[in-house]
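Participant: Quick one: the structure is below, questions incoming.
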Amino acid sequence: MKKIIIIGGGIAGLSAGIFAQKNGFDSTIVEKHHTLGGECTGWDRQGYHIDGCIHWLVGTKKGTPIYNMWTTVGALDGVEIHHPESFMAVEHVGITVNFYRQLNQLKSSWLEISPEDIEQIEEFCSDIKQLHSFSIPSGKPINMMNIFEKIKYIFSMKNVSPIMHKYGKISVKELSMKFKHPALRKAIASFMPEGDYSAISVIFPLGTFTSGQSSIPKGGSKALAKRMVMRYISLGGTVETSCEVVEANIKGNKLKGIKCKSGKSFEADYFIAACDAKVLYEKLLKGRYPDQEFEKRYNNPDIYPLASNIYIGIGYDGEMHDIPRTLKFPVKSVDIIQNQKPIEYLQMTHYGYEPSFAPKGHSVITFAINQFKSELDMWEVLIKDKEAYAKEKERIGEEVINAMEIRFPYMKGKLKLLDVATPQTYARYCNSYCGAFMGFWPTISGKSLVHTGYIKGLNNIVLSGQWLQPPGGLPTSLITGKDTIMRLCKKIKQPFISV
Ligand SMILES: Cc1cc2nc3c(=O)[nH]c(=O)nc-3n(C[C@H](O)[C@H](O)[C@H](O)COP(=O)(O)OP(=O)(O)OC[C@H]3O[C@@H](n4cnc5c(N)ncnc54)[C@H](O)[C@@H]3O)c2cc1C
């Protein structure tokens, strides 16, 4: 039986592990942290559970290939799905713009706000609808398809490709400016900060959301990862936690073994690096096997931006059933890392549909504040001064509570700060480069990265995970984990078992 070592036990590592076991390999996941799941996680604070990941998961619609794959890996087996009524609601000068799940409802509510935008609203809704035939390609990676499979795939994308092309060429800002009403403009523009970000970041999530393909599995992110761990172990996979891989022993064109900080070492026939790409190329391979595609992106952060989050958990002594699950509201006071531009909107999410996430009669709320290159650099500097770093986290948390009390005066005195995670938290716990998640973000000048994970010069180690293909996120990690084993089966001329 061939031995595989998987470096990293996030969703990509778990997916690779599960498909490795199903295909008759003997695999071990070697994970840095004491628990598995990587960025798909959650944590408990003062009686509340802070869900640290899933705001929407592509693949929750029964019968779709990606749903079937989530079920195969144990993530969605028999799991109840929560379908929020709206993707998010954005407030602007007394008007609330809702991105409803039902396209007709979205359309009529927007027409009520702005009848003079009828043409643009109709075009926007019709474009979203055209994406409803989209199903994330999860069967075979394109470069493993034969000519007939490729033709079938291209045909299946006939409605989707023109829309992706159309929105890939314009920025979020340009899309927003097509609407006349300031509230609609603001609502669309609020998807991304100002810049070159392509409007795919608006249309794609709305396409999957309104077609019922993306919702929220009950129990949250940590529970989803835990189910995958159980599936992996039940298939005979083994796990080594608190084992950060720090050294790779290379002979010729082969990786012979790896060594962990703890002193443990492992040998195998094949290795899968389901960790951050930068960790693989720079820390483990010491820069000796650079990849041109990744280099190009790391060296051009304006065209290929990375994003992370400040993620704030707040407990509220009360219930929030009358507030949309995800709400963006304008703020005047919140200043993130002093000297930076103060932010205009706060995005909050509450979990009223998860009674176990908060004590009875209470609610847990999270705020995600996206952070881009200049802020990511500042966090990297700030963490070197532990006291200043802790103070800044506390200050941001208090600012957010103040902003909430201004927006919801009846909450005054009933809110408490539970936790503030920063980009450096993700860097520390998951070894993720700059704390980034979701890979490189789509811009109008950038080219999407679609990578096999192969490393030129080494023939028994491959990269897997969120960095390999758009749109990043959990489905990409799931699919690339599976693809890695599919490629390995092909290499050793063994049929691939997918269920
Ligand atoms: C706040 C937040 C919200 C998000 N919301 C969503 C969402 O709503 N929908 C969605 O689809 N996606 C979302 N994502 C993105 C999603 O979480 C990630 O894309 C996905 O979890 C990445 O999985 P991965 O396995 O590719 O990488 P990771 O989760 O980063 O896993 C890599 C693993 O490798 C381990 N590792 C790293 N280096 C080493 C080493 N040297 N030795 C051993 N182990 C190592 C890490 O500890 C980690 O466990 C969100 C992410 C965040 C942070």
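Participant: Just give me the residues in segment 277-332 being basic (Lys, Arg), part of a loop (DSSP other than H, G, I, E, B) and either within 15 Å of the ligand (Cβ to nearest atom) or in the same structural domain as GLU354 (by TED's automatic domain parsing) (or both), in sequence order. Show your work before the answer.
Facilitator: If we filter segment 277-332 for residues that are basic (Lys, Arg), which is where we start, we get 278, 283, 286, 288, 296-297, 325, 328, 332.
Those still in the list that are part of a loop (DSSP other than H, G, I, E, B) too: 286, 288, 325, 332.
Of everything in segment 277-332, those that are basic (Lys, Arg), part of a loop (DSSP other than H, G, I, E, B) and either within 15 Å of the ligand (Cβ to nearest atom) or in the same structural domain as GLU354 (by TED's automatic domain parsing) (or both) turn out to be LYS286, ARG325, LYS332.
Participant: Considering every residue within segment 95-111, establish whether at least one is under 20 Å from ILE323 (Cβ atoms), part of a loop (DSSP other than H, G, I, E, B) and either assigned by TED's automatic domain parsing to the domain that holds SER176 or in contact with a Leu (Cβ under 6 Å, 6 or more places away or on another chain) (or both).
Facilitator: Yes, some residue in segment 95-111 is under 20 Å from ILE323 (Cβ atoms), part of a loop (DSSP other than H, G, I, E, B) and either assigned by TED's automatic domain parsing to the domain that holds SER176 or in contact with a Leu (Cβ under 6 Å, 6 or more places away or on another chain) (or both).
Participant: Right, another one. Restrict the check to segment 353-361 and report whether at least one residue is of a type in the set (A, V, I, L, M) and either closer than 22 Å to GLY219 by Cβ or buried (at least 18 other Cβ atoms within 10 Å of the Cβ) (or both). Show your work before the answer.
Facilitator: Start the filter on segment 353-361 by keeping residues that are of a type in the set (A, V, I, L, M), which leaves 358.
Among the residues that remain, those that are also either closer than 22 Å to GLY219 by Cβ or buried (at least 18 other Cβ atoms within 10 Å of the Cβ) (or both) are: 358.
Scanning segment 353-361 turns up at least one residue that is of a type in the set (A, V, I, L, M) and either closer than 22 Å to GLY219 by Cβ or buried (at least 18 other Cβ atoms within 10 Å of the Cβ) (or both).
Participant: What do you reckon, is LYS373 away from the ligand (no atom under 16 Å from the Cβ), touching a Pro at 6+ places or on another chain (Cβ under 6 Å) and in contact (Cβ under 8 Å) with a residue 40 or more places away in the chain?
Facilitator: Numbers: away from the ligand (no atom under 16 Å from the Cβ): yes; touching a Pro at 6+ places or on another chain (Cβ under 6 Å): yes; in contact (Cβ under 8 Å) with a residue 40 or more places away in the chain: yes.
In short, yes.
Participant: Hey, can you tell me all the residues within segment 227-245 that are within 25 Å of the chain's Cα centre (by Cα) and either within 14 Å of the ligand (Cβ to nearest atom) or closer than 23 Å to LYS259 by Cβ (or both)?
Facilitator: The initial filter retains those residues of segment 227-245 that are within 25 Å of the chain's Cα centre (by Cα), namely 227-233, 239-245.
Listed by number, the residues that qualify are MET228, VAL229, TYR232, VAL239, GLU240, THR241, SER242, CYS243, GLU244, VAL245.
Participant: Identify, from the list SER445, SER477, the residue that is touching a residue at least 12 places away in the same chain (Cβ under 8 Å), more than 15 Å from the ligand (Cβ to nearest atom) and farther than 30 Å from GLY318 by Cα. Break it down stepwise before answering.
Facilitator: Values: SER477 fails: more than 15 Å from the ligand (Cβ to nearest atom).
Exactly one residue qualifies, and that residue is SER445.
Participant: Are there any pairs with C-beta distances below 6 angstrom linking a residue in segment 8-24 that is part of a loop (DSSP other than H, G, I, E, B) to a residue that is within 11 Å of the ligand (Cβ to nearest atom), with the two at least 6 apart or on different chains, and if so which?
Facilitator: Pairs that qualify, where the first residue is part of a loop (DSSP other than H, G, I, E, B) and the partner is within 11 Å of the ligand (Cβ to nearest atom), are GLY8/ALA274; GLY8/CYS275; GLY9/ILE29; GLY9/GLU31; GLY9/LEU36.
Participant: Of all residues in segment 454-475, how many are in contact with a helix residue (DSSP H, G or I) (Cβ under 6 Å, 6 or more places away or on another chain) and closer than 27 Å to GLY257 by Cα?
Facilitator: Summing the residues that are in contact with a helix residue (DSSP H, G or I) (Cβ under 6 Å, 6 or more places away or on another chain) and closer than 27 Å to GLY257 by Cα in segment 454-475 gives 7.
Participant: Could you check how many residues of segment 43-63 are among the aliphatic types (A, V, I, L, M) and more than 9 Å from the ligand (Cβ to nearest atom)?
Facilitator: Taking segment 43-63 and keeping what is among the aliphatic types (A, V, I, L, M), we get 50, 54, 57-58.
Checking the rest, the ones that are also more than 9 Å from the ligand (Cβ to nearest atom) come to 50.
Selection size over segment 43-63: 1.
Participant: Is at least one residue of segment 379-390 in contact with a helix residue (DSSP H, G or I) (Cβ under 9 Å, 6 or more places away or on another chain) and within 16 Å of the ligand (Cβ to nearest atom)?
Facilitator: The answer is yes, given that some residue of segment 379-390 is in contact with a helix residue (DSSP H, G or I) (Cβ under 9 Å, 6 or more places away or on another chain) and within 16 Å of the ligand (Cβ to nearest atom).
Participant: Does segment 116-138 contain any residue that is among the aromatic types (Phe, Trp, Tyr), more than 18 Å from PRO182 (Cα to Cα), in contact (Cβ under 8 Å) with a residue 60 or more places away in the chain and not in a loop (DSSP other than H, G, I, E, B)? Give the derivation first.
Facilitator: Going through segment 116-138, the residues among the aromatic types (Phe, Trp, Tyr) turn out to be 124, 134.
Still in the running and more than 18 Å from PRO182 (Cα to Cα): 134.
Narrowing further to those that are in contact (Cβ under 8 Å) with a residue 60 or more places away in the chain: 134.
Subset that is not in a loop (DSSP other than H, G, I, E, B): none.
The answer is no, given that none of the residues of segment 116-138 is among the aromatic types (Phe, Trp, Tyr), more than 18 Å from PRO182 (Cα to Cα), in contact (Cβ under 8 Å) with a residue 60 or more places away in the chain and not in a loop (DSSP other than H, G, I, E, B).
Participant: If you don't mind, another one. Tell me yes or no: at least one residue of segment 254-276 is of a type in the set (D, E, K, R), more than 30 Å from PRO359 (Cβ to Cβ), more than 16 Å from the ligand (Cβ to nearest atom) and assigned to a helix (DSSP H, G or I).
Facilitator: No, segment 254-276 has no match at all.
Participant: Keeping to segment 418-435, report how many residues are assigned to a strand (DSSP E or B) and within 10 Å of the ligand (Cβ to nearest atom).
Facilitator: Of all residues in segment 418-435, those assigned to a strand (DSSP E or B) come to 418-421.
Pick out the ones that are also within 10 Å of the ligand (Cβ to nearest atom) and you get 421.
So the count comes out to 1.
Participant: Just name the residue that is modelled with the lowest pLDDT out of those in segment 362-394 that are part of a helix (DSSP H, G or I) and among the aromatic types (Phe, Trp, Tyr). Before the answer, list the steps.
Facilitator: Residues of segment 362-394 part of a helix (DSSP H, G or I): 373-382, 386-394.
Remaining after also requiring among the aromatic types (Phe, Trp, Tyr): 379, 389.
Working: TRP379: 93, TYR389: 96.
Top of the filtered list is TRP379.
Participant: Consider only pairs whose beta carbons are under 6 Å apart and that are at least six residues apart or on different chains; among these, list those whose first residue lies in segment 59-88 and is surrounded by fewer than 18 Cβ atoms within 10 Å (Cβ to Cβ) and whose second residue is among the acidic types (Asp, Glu).
Facilitator: Within 6 Å, the pairs are THR71/ASP77.
Participant: For segment 79-120, give me the residue count where each residue is touching a Ser or Thr at 6+ places or on another chain (Cβ under 8 Å) and of a type in the set (S, T, N, Q).
Facilitator: Residues meeting the conditions: 3.
Participant: Continuing with this model, one more query. So which of TYR281, TYR304, TYR289 ends up being aromatic (Phe, Trp, Tyr), surrounded by fewer than 18 Cβ atoms within 10 Å (Cβ to Cβ) and either farther than 27 Å from GLU394 by Cα or touching a Cys at 6+ places or on another chain (Cβ under 6 Å) (or both)?
Facilitator: Working: TYR281 fails: surrounded by fewer than 18 Cβ atoms within 10 Å (Cβ to Cβ); TYR304 fails: surrounded by fewer than 18 Cβ atoms within 10 Å (Cβ to Cβ).
From the options TYR281, TYR304, TYR289, the qualifying one is TYR289.
Participant: CYS40 fails exactly one of the following numbered conditions: (1) assigned to a helix (DSSP H, G or I); (2) near the ligand (Cβ under 9 Å from one of its atoms). What is the number of that condition?
Facilitator: (1)
The values are calculated or read from the model by the stated rules, or taken from the named source; none is laboratory data. Computed from a prediction, not measured in an experiment: that's the story for all the values here. Glycine gets a Cβ as well: all are built from the backbone with ideal geometry, and neighbour counts include every protein chain shown.
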